[in-house]
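S.K.: After the structure tokens below, expect a handful of questions from me.
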Amino acid sequence: ADHAGVSLKDALADDLREAGAQVIDLGTHGTESVDYPDYGAAMADAIADGRAPIGVIVCGTGIGISIAANRNPAVRAAHCAHTTDARLARQHNDANVLALGARLVGSEVARDCLAVFLETAFEGGRHERRVAKLG
Ligand code: RB5
């Protein structure tokens, strides 16, 4: 997360740890202004080198950090504003990164998006070929 997303990122990370997940927190760790591309790229590196199977990225809108992350071909980041986005991003796109806009969605919506994202499987089938073309 950048400075606009740090509070939501910390809340989601706490939820995940309480649920027993291992979280790699790549920052930022305070409200000092930082540049979202640096954090999107850092998360993307963690996906690409196998440190993490799933990523969560947060900036003010979720847009800038998702653009940054999606420049890495290992990443399929889906910018989600509600649970239907999150479900379909997993079912159809096999998204491996959830991007959230802390200034646009409330923390409860964000939590629900993350829960749905984590519990929903890729449907495969006709979507396999299309997802393969994204790589
Ligand atoms: C930071 O002010 C803001 O531009 C950033 O968090 C994000 O919304 C960019 O897409």
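S.K.: Could you list, ordered by first residue, the pairs with Cβ atoms under 6 Å in which the first is in the range 115-135 and surrounded by 10 or more Cβ atoms within 10 Å (Cβ to Cβ) and the second is acidic (Asp, Glu), at least 6 apart or interchain?
M.R.: Matching pairs, first to second residue: Phe122/Asp94; Val131/Asp94.
S.K.: Now a separate question. Do any residues in the range 58-71 that are free of Cβ contacts under 8 Å to residues at least 60 places away in the same chain and over 12 Å from Ala4 (Cα atoms) have Cβ atoms under 6 Å from those of residues that are among the hydrophobic types (A, V, I, L, M, F, W, C) and in a loop (DSSP other than H, G, I, E, B), where the two are at least six apart or on different chains, and which pairs are they?
M.R.: Every condition considered, the pairs that remain are Ala69/Val75.
S.K.: Which number in (1) surrounded by fewer than 18 Cβ atoms within 10 Å (Cβ to Cβ); (2) of a type outside the set (A, V, I, L, M, F, W, C); (3) within 14 Å of Ala41 (Cα to Cα) marks the one condition that Thr83 misses?
M.R.: (3)
S.K.: For the range 82-97, does any single residue satisfy the condition of being within 13 Å of the ligand (Cβ to nearest atom), within 18 Å of Lys9 (Cβ to Cβ) and modelled with pLDDT of 95 or more?
M.R.: First, pick out the residues of the range 82-97 that are within 13 Å of the ligand (Cβ to nearest atom): none.
Taking every residue of the range 82-97 in turn, none turns out to be within 13 Å of the ligand (Cβ to nearest atom), within 18 Å of Lys9 (Cβ to Cβ) and modelled with pLDDT of 95 or more.
S.K.: So which residues in the range 90-113 are surrounded by 20 or more Cβ atoms within 10 Å (Cβ to Cβ) and either in contact (Cβ under 8 Å) with a residue 60 or more places away in the chain or not in a loop (DSSP other than H, G, I, E, B) (or both)? Steps first, answer last, please.
M.R.: Within the range 90-113, the first condition is being surrounded by 20 or more Cβ atoms within 10 Å (Cβ to Cβ), and the residues that meet it are 90, 95-102, 105, 110, 113.
Once the filter is applied, which keeps residues that are surrounded by 20 or more Cβ atoms within 10 Å (Cβ to Cβ) and either in contact (Cβ under 8 Å) with a residue 60 or more places away in the chain or not in a loop (DSSP other than H, G, I, E, B) (or both), the range 90-113 yields Arg90, Val97, Leu98, Ala99, Leu100, Gly101, Ala102, Ala110, Cys113.
S.K.: Just a yes or no: is a residue in the range 57-73 assigned to a loop (DSSP other than H, G, I, E, B), in contact with an Asp or Glu (Cβ under 9 Å, 6 or more places away or on another chain) and within 14 Å of the ligand (Cβ to nearest atom)? Step through it out loud before you land on a result.
M.R.: The initial filter retains those residues of the range 57-73 that are assigned to a loop (DSSP other than H, G, I, E, B), namely 60-62, 71-73.
If we keep only those that are in contact with an Asp or Glu (Cβ under 9 Å, 6 or more places away or on another chain) as well, we get 60, 72.
Remaining after also requiring within 14 Å of the ligand (Cβ to nearest atom): 60.
Yes; the residues of the range 57-73 include at least one that is assigned to a loop (DSSP other than H, G, I, E, B), in contact with an Asp or Glu (Cβ under 9 Å, 6 or more places away or on another chain) and within 14 Å of the ligand (Cβ to nearest atom).
S.K.: Tell me which residues, restricted to the range 12-34, are surrounded by 10 or more Cβ atoms within 10 Å (Cβ to Cβ) and outside any loop (DSSP other than H, G, I, E, B).
M.R.: Those that are surrounded by 10 or more Cβ atoms within 10 Å (Cβ to Cβ) and outside any loop (DSSP other than H, G, I, E, B): Leu12, Ala13, Asp14, Asp15, Leu16, Arg17.
The values are calculated or read from the model by the stated rules, or taken from the named source; none is laboratory data. Every value quoted in this text rests on a predicted model; they were computed, and no experiment measured them. Don't worry about glycine lacking a Cβ; one is built from the backbone with ideal geometry, like all the others, and counts go over all protein chains shown.
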